[in-house]
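Read through the structure below, which is laid out as structure tokens, and then see the notes.
The values are calculated or read from the model by the stated rules, or taken from the named source; none is laboratory data. It should be emphasised that the depicted structure is a prediction, and the values quoted were computed from it without experimental measurement. Cβ placement follows ideal geometry from the backbone for every residue including glycine, while neighbour counts extend to all protein chains displayed. Note: areas computed on protein heavy atoms with side chains; ligands, DNA, RNA excluded. Shrake-Rupley method; radii C 1.70, N 1.55, O 1.52, S 1.80 Å.
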Amino acid sequence: MKRKIYHCLLATLLFPLASVAQQRGTHDAEVARNLQVFNNIYRMLDMYYVDTLSADTTMEWAIQGMLRRVDPFTEYYRQDDQELRQLAKGTYAGIGSIIRYSKRLGRTTINEPYTGTPSMEAGLMAGDVLISVDGKDTKGMAVSEVSKMLRGDAGTTLTLKIQRPGESDKIRTVSLTRKNIQLPQIPYYGMMENNTGYILLSGFTEGTALKMRQTFNELKAQGMERLVLDLRDNPGGVIDEAVNIVNMFVPKGRKVVYTRGKVAQSNREYFTTSEPIDTITPMVVLVNGSSASASEILSGALQDMDRAVVMGERTYGKGMVQSIRELPYDTNLKLTISRYYIPSGRCIQAYDYRHLRPDGSVGTVPDSLTRVFYTAGGRPVRDGGGIKPDTIVRPDSLPSFVYDVASSEEMFDYATNYVLRHKTIAPAGEFSLSDADYEAFADYVQSTGFTANRRTEEVMKVLKSAAQLEGYYPEAEAEFKALEAKLNTDVRTGILRMKHQIKHYLEAEIVSRYYHESGALRQQLKNDKVFNQALHLVADKDEMNKILKP
């Protein structure tokens, strides 16, 4: 009897192992079969296709096509890819300028030189037109082509020929030496009203946590009593940097995030490892739909630990972790290896890339299928759809006309010409454009022949066509014409009518010429609805407690 029981137990234990082994063998056979088919297809193309194909190009087509179906975060990088270095370290070697293409000129122009870079040291200014790079004419070149020419190895030199606005008969020659450019992870910080500090964090690359600690301590030395941390439009980055920032505000030994993947090496747990520098300063963290990855770890962990109030819009919902793996011939693969879970135990992944819709689009987890988790203090939070703010505040919607004008070449050119007429302006955050200057802007845009993408006109054409097709148009013709007349305003009238919104963007564009990116960001905060509500909330102790300790 004992022997029979032993054999039964042994069979019970071995059956699952045999089943797993069989499944693994079947999977390996499928992989081998498909690789063989792929190899034969390529050999046929190489031997018989009517034109000779580049092996590098053809293989990259295959690789990119395969990876596009996996998820948008799994990517292949060729040799010496500058993007990979910028992704991991937040650096690249170049001259340190944002550039843009001018349709009017058919050339690339300097949009903004970064502070402390070769561009700034060489005296380049926003609006400078790039005529040539190392003797190569840039006429008609795409921005991406010009960007490649400007980048290179640190220490190498290049020569630019530029034309400065207001100097139509003069070409300047500028020599620069490329340097490693560190992208600013904290492009702006400062003291606001009521002793409130503000920090804008734009990414998580190596050294971000150290910079964050230094910035926080500097603001504390200036008398900061409360903090607004802005993670809006922050796409994320290195997990360790987010964990180290959380560690600034919560006690040692707390689990901040943990990951789970297919292989054991992908499973990790991240704890706070040192004593915090501040556990009591009231904090509001701002997020929106473009806050992702490490931004969601930071905001989600502070929410789960009841350390900060999260305000704004629901975040992107990227709950997956990528790792960079080396491949032969100095190439690399960034691939998704695990999902991450924040302190409450929830995974905030919103998109299901393994089950695409029939049209190829990606579905999200409906709220009805999300699960409830709880913060350290017992507040309910949910998984499956990003970080839902404790206080939802949406920015005012932006009319398409305002967007078209604000992103136009005409606004950029007007700001460039404004600088030629005004040597100085008021400090960032205090500058205000006069009514006369705003009207001059409206006149200028009208004179250029600028046309906005009028969506209402497109819709009206469709509606008229449908009414004519169905026979209703004759009796509604007068109403159609009246509506068309109302909607068909000239550009100048539209700019004047939407002055309240357009003026903010124009002022920020002008301020950027004098005080660069940090100045433009400070100017924008003047009219930032979400930021101004955060200022009021973080200063209201009772309201903060009502949210964090219900």
Quiz item: Given +1 on the Cβ of Lys and Arg, -1 on the Cβ of Asp and Glu, and no further charges, what dipole in debye does the chain carry about its Cα centre, rounded to the nearest 20?
Solution: 1920 debye
Exercise. May I ask you to derive the relative contact order of the chain, considering only C-alpha pairs under 8 Å and at least 6 residues apart, and to give it as an integer percent?
Key: 11 percent
Self-check item: Cα-based reach from residue 464 at 14 Å (exclusive), listing aspartates and glutamates while leaving out same-chain residues under 8 positions away
Solution: 475, 477, 479, 484
Quiz item: If you line up the long axis of helix 208-221 against the longest principal axis of the chain, both from Cα atoms, how many degrees apart are they, to the nearest 10?
Solution: 60 degrees
Exercise. Enter the Cα centre distance for the pair region 508-539 and region 346-363, rounded to the nearest angstrom.
Key: 35 Å
Quiz item: Using a basic spin-label model with each label point 7 Å from the Cα along Cα→Cβ, how many nm lie between residue 275 and residue 493?
Solution: 6.9 nm
Quiz prompt | Extension gain, residue 403 back to residue 167 (0.36 nm per residue minus Cα-Cα distance, nm) | solution = 81.9 nm
Quiz item: Once amide H atoms are built 1.01 Å from N in the peptide plane, which residues 5 or more positions from residue 254, or in another chain, come under 5 Å H to H?
Solution: 272
Quiz item: Just how much of residue 355 is accessible, in Å², when a 1.4 Å probe is used and the result is rounded to the nearest 10?
Solution: 130 Å²
Quiz item: How far is the Cα center of region 458-502 from the Cα center of region 415-444, in Å?
Solution: 33 Å
Quiz item: Does anyone have the angle between helix 473-487 and the longest principal axis of the chain? Alpha-carbon axes, 0 to 90°, nearest 10?
Solution: 70 degrees
Quiz item: Would you list 304, 367, 542 from the most to the least accessible area, probe 1.4 Å?
Solution: 542, 367, 304
Exercise. Measure nothing but the geometry: give the 0 to 90° angle between the long axis through the Cα atoms of 455-470 and the longest principal axis through the Cα atoms of the chain, rounded to 10°.
Key: 80 degrees
Quiz item: Separation between the residue 60 and residue 476 pseudo-spin-labels, each 7 Å from Cα along Cα→Cβ, expressed in nm?
Solution: 5.2 nm
Practice problem: Return one whole number: the accessible area per residue of the chain in Å², for a 1.4 Å probe. | Solution: 55 Å²
Quiz prompt | residue 175-residue 462 pseudo-label distance in nm [points 7 Å out on the Cα-to-Cβ vector] | solution = 5.9 nm
Exercise. Among the lysines, select those whose C-alpha is under 17 Å from the C-alpha of residue 161, and discard any that sit fewer than 8 residues away in the same chain.
Key: 136, 139, 148, 170
Self-check item: Proximal aspartates and glutamates relative to residue 318, as straight alpha-carbon distance under 14 Å, when same-chain residues fewer than 8 apart are discounted
Solution: 71, 233, 296, 352, 383
Quiz prompt | Solvent-accessible area, 1.4 Å probe, carbon plus sulfur percent, for the chain | solution = 53 percent
